[in-house]
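Each reported figure results from applying straightforward, stated rules to the coordinates on display, with no laboratory input. It should be emphasised that the depicted structure is a prediction, and the values quoted were computed from it without experimental measurement. Cβ: placed from backbone, ideal geometry, glycine included. Neighbour counts: every protein chain shown.
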Amino acid sequence: MNIAKIIAATALIAAAGSAFAETQYPVDKPFVSTKTRAEVVAEVKQAGGDLGRRNYQETFNPAPVASSKTRAEVLAELGRGGNIARANYVDTTH
């Protein structure tokens, strides 16, 4: 009895799925803009420019960070703090 119900339910689902698959999607009309290219470019600039390009530049090509410290000062600072890489390492052999 259960097998018959499962088969009937599967057949109904398959029939419904195929019926929906054959229905037409609303007719795709080609997009026709009412603005010129110059108007669109002006709108993009007013909105903040090409945000995707700017985000890409900031993420993958960041501006170098200028430091007021000399190389010797940085090395001395690192020396005072010990070996940071070693401090993060848990030595389980001792």
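A63 versus F31, label points 7 Å from Cα toward the beta carbon: distance in nm?
Label at A63, label at F31, 3.4 nm between them.
Can you figure out the FRET efficiency of N55 with A16, using R₀ = 30 Å and their beta-carbon distance, to the nearest 0.05?
The computed FRET efficiency comes out at 0.10.
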